[in-house]
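Worksheet: the structure to be examined is printed underneath.
The values are calculated or read from the model by the stated rules, or taken from the named source; none is laboratory data. Just so it is clear, the model here is predicted, and its values are computed rather than measured. Note that each Cβ is placed from the backbone with ideal geometry, even for glycine, and that neighbours are counted across all protein chains shown. Surface accessibility is based on the protein's heavy atoms, side chains included, excluding ligands, DNA and RNA. Shrake-Rupley method; radii C 1.70, N 1.55, O 1.52, S 1.80 Å.
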Amino acid sequence: MTGEAARVRQMWHLLEPLHAVLYYAPAAFEEAAALGYDTEERWASYFAWRAAPLGAAGADEVVRVFHSFAPAAVARYVPASWATAPPEAVLAARLRAVDRAYRALFGDRRVEGAGFAEAAVLARRAAEAATPGVLGALGPANSALPWPDAPHLALWHAATVLREHRGDGHIAALGAAGLDPVESLVSFAAVGAARPEVFASRGWSEEEWGAARRRLQERGLLAADGTATEAGRELRAKVELRTDEEAAAPWRVLGEEGRERLPELLGEPWLETIGSGMLPGENTLGIGKV
């Protein structure tokens, strides 16, 4: 991995937890419940929170841009999400949720302090340099939203733009590697990114998962026990490297000083977020594994 790719991946690892509080914070579930969503499990609010920048998207559009979810899993929540609350109400509520979550995690003095303000300026500068990407993809959809005024919310929004921009590039890299959505997950589990059970949340049936394994075995990418062959590991490494390359452009605008300063500013919030126990220890993105 090149030095630039390593830095790009480091920034993803640092920013992803700061974005992901939206899907796990108690405040987010409270805001979702106030909108009328069922919060007994997290998926009704997850699909609403993440898809709202697209507008009142249908199931086919969400399947395409989320990529890893089975169509049947998406159809349980979309487009029904927009009958519960329109996208504009969801967008307003997710900023309220992040505001409350950040204040609970870091305290009012921290989120209103100089460190968050400086981090927000740097992260926003990078996010505003994200290339447009594929029309209708999640990166551009989030980029088109108004920037919040509060620095801690601007930081969260920048993290969101950058992670969705990276995700758009990752989908392109998977397609270039000839991996369909379920094959993408099977091959990722095969290199140890997470246990196969962790990917059950994406809604693929045992039959669909098994068929994908057989297809990958026929390509010489998986061994009989489901682990990746050398060719399978090489292919996944190429996918991750291409993803880093696709995500690199926004970080170049910060210059070396900015690229060094932002991780310094994010270190403590990252540790506090991880240490809170709010986020799952094992995740489908391979954070900490790839």
TODO: Please specify each residue of the stretch 91-111 satisfying the condition of being more than 15 Å from Pro146 (Cα to Cα) and either open to solvent by 30 Å² or more (accessible area, probe 1.4 Å) or not in a helix (DSSP H, G or I) (or both).
DONE: Asp99, Arg100, Arg103, Ala104, Leu105, Gly107, Asp108, Arg109, Arg110
- [ ] May I ask you to list the residues in the stretch 136-169 that are over 30 Å from Arg109 (Cβ atoms) and not acidic (Asp, Glu)?
- [x] Gly136, Ala137, Leu138, Gly139, Pro140, Ala141, Ser143, Ala144, His165, Arg166, Gly167, Gly169
Task: Restricting the stretch 77-91 to residues that are touching a residue at least 40 places away in the same chain (Cβ under 8 Å) and not hydroxyl-bearing (Ser, Thr, Tyr), the residue that is nearest to Gly169 (Cα to Cα) - done: Leu91
Open item on the list: For the condition over 16 Å from the mean Cα position of the chain (by Cα) and open to solvent by less than 50 Å² (accessible area, probe 1.4 Å), what is the one hit in Ala120, Ala114?
Closed with: Ala120
Open item on the list: Which of the helices (runs of 4 or more DSSP H) found entirely inside the stretch 209-290 contain at least 2 residues meeting this: open to solvent by less than 50 Å² (accessible area, probe 1.4 Å) and touching a strand residue (DSSP E or B) at 6+ places or on another chain (Cβ under 8 Å)?
Closed with: 230-246
- [ ] Take the stretch 75-92 and flag every residue that is of a type in the set (A, V, I, L, M, F, W, C) and in contact with a Phe, Trp or Tyr (Cβ under 7 Å, 6 or more places away or on another chain).
- [x] Val78, Val90
